[in-house]
């Protein structure tokens, strides 16, 4: 089906079902309860981030997972995509199609330039070059190109680029919604499904991002199974042999770099479509680091890993940052008074503003106990069940 | 005119003259061995032939065209394949995938962007790769991870991958280094079979005299970066200059 093997098609189908049902599955607790406040993730803002960061990490995995080239500057392409999209909103109007097309094109060009320079080196030197070039882009966006009083204010610096009423928006018609839209359908429009005590939100922006996620996932499966993908894996395995087999590695790695840069551009454009502003902090090197963390969490070089990694990271970031001291006191109210205070003080650094610490610890646990990421965890559980059912050796392939 | 003509090649590393005025002519469809004691410049010479090093002076012509200034992949596409001292294969890939890569390189050249076609639909490549594996008696191992092959099988696979490209010149860099006697003999048999059944020129760098004398038709002896003699194996054995290079001045 669709030019895919049965196994891959099944995987695509599973992801499609996940995308469609996410607003329901991620809202397991009825509205108004404390559990819903804390653990429900089925609201548009967060689900959009699941899908968009999924796209970003899928693209990153084409570079890092297949060729082994670890780029530490992919957030720069995400940011460039966002800026391009917001400029389209400012100049043309809120139609998202030109915005997304331009963001992919702009990020493609930037990644071509960055890749051309940094792919002259490999290993740690490549990583440092991408990091340096991306930090340069960040600083350009943050200060040099963002001075509101200069005539070339491309990024609006610290404030961030946003749409003002004074902007041209030449294609804007009076009937269009005053928000990014697809053929008049605002990305903010949503339907509430009230079933019992549950409130499910079906949001246009989320489903559009989900559709792009499926498309991105499909393209990545095709690339993984193509001769081009085989060459990229050969680059990771033994570049010397590849060179002495008559193959020029540079264009292969450069194409992989540009493709993953364009994925990042798409993700950046979509972020701007869901919320039409772009800030330089999106390009900061810590954001690039987060992309690396998400792809390692999910499982490097696997198909489904990036989606799992992005989802895991965004979900835990979200709930951990919501837990503050008063929530902790509420949860630990059953403990004796003095002991409760001690416990709250102990847990305090790990939650709320300290969510980085917990996520970092989780990341370390995954690296130490599951070097293959969440996908390896899933495979181990799968094998456990397999062995219980029938005592036959499984013939699963590691590249899921 | 040989298929490979090396003329007046010099290569200096700082104060060390690694190659001094090397002349070498490898005849088409012959097996030519280059021997010499440690540090004689054998590997330097080989690296000059495949584009890894560029000689300071001199010329290297393959089939009438200069290889100097070309990159390793360009020289490979001209028809020179190299087998390494320690087998260089794609350890993360299966044996079949390993074999498919030279088949792609042969069909599509040094770069092709076929990102949307499935590998399993490339019927001609699959057929070519299976055929090449059968030639090496490795077709039954095609689903194995190539890193888990034995040393001898890795060498076999590497030679098979080079042959799948149908090169005109096969360069072997100490193909039996570090091998057990049985594996060495297997490799000799394999190379003999290649010599007798294919349209190919073989140049081999070797330490092991047993390998050299059972394969080569011409032997060049290199010492301190300069060719001493070029002779047939029969004439090399008792040659005084060769004894001197290997054993020193004193008579044995």
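Just so it is clear, none of the values below were taken in a lab; they were calculated from the coordinates. Note that the structure is predicted; figures quoted are calculated from it, not measured. When we count neighbours, we look across all protein chains shown, and the Cβ atoms used for this are built from the backbone with ideal geometry, even at glycine.
Points to keep in mind about this one:
- Summed over qualifying helices (DSSP H, 4 residues or more, each -39500 (n - 2.57)) and divided by its residue number, chain A shows a 222 nm mean residue ellipticity of -21000 deg cm²/dmol.
- Enclosed volume per residue, in Å³, of the convex hull spanned by Cα atoms of the range A:146-219: 198
- Our note on the geometry: Cα centres of the range A:334-358 and the range A:62-110, 40 Å apart.
- The C-alpha atoms of chain B define a longest principal axis, and helix B:151-164 lies at about 80 degrees to it.
- Values of log10 I(q)/I(0), in the order q = 0.09, 0.11, 0.18 Å⁻¹, for chain B under a Debye, Cα-only, solvent-free model: -0.42, -0.61, -1.44
- The label point for residue A:198 and the one for residue B:143, both projected 7 Å from the Cα toward the Cβ, are 4.2 nm apart.
- For the pair residue B:229 and residue B:108, the difference between a 0.36 nm per residue extended length and the Cα-Cα distance amounts to 39.4 nm.
- Förster radius 30 Å - calculated FRET efficiency between residue B:130 and residue B:182 (Cβ-Cβ, nearest 0.05): 0.65
- Helix B:181-197 axis, angle to chain B major axis (alpha carbon atoms, nearest 10°): 80
- Chain B: angle of helix B:95-108 to the longest principal axis, Cα-based, in degrees nearest 10: 80
- Inter-probe distance in nm under a simple model that places probes 7 Å from Cα toward Cβ, at residue A:368 and residue A:189: 5.2
- With a Förster radius of 45 Å applied to the beta-carbon distance between residue B:198 and residue A:17, the computed FRET efficiency rounds to 0.25.
- Remark: the residue A:361-residue A:385 segment gains 5.8 nm on full extension, using 0.36 nm per residue and subtracting the alpha carbon distance.
- Part-to-part distance (alpha-carbon centres) for the range B:68-101 and the range A:138-186, which is given in Å: 51
- Site pair residue A:5 and residue A:321 shows an inter-label distance of 4.0 nm when each label is modelled 7 Å from Cα along Cα→Cβ.
- Taken over the protein assembly as shown, the convex hull of the Cα atoms encloses 241 Å³ per residue.
- Net length available on complete extension from residue A:215 to residue A:335 is 38.2 nm, with 0.36 nm assigned per residue and the Cα-Cα distance removed.
- Shape of the range A:6-284, Cα gyration tensor, a/c cut at 1.5: oblate
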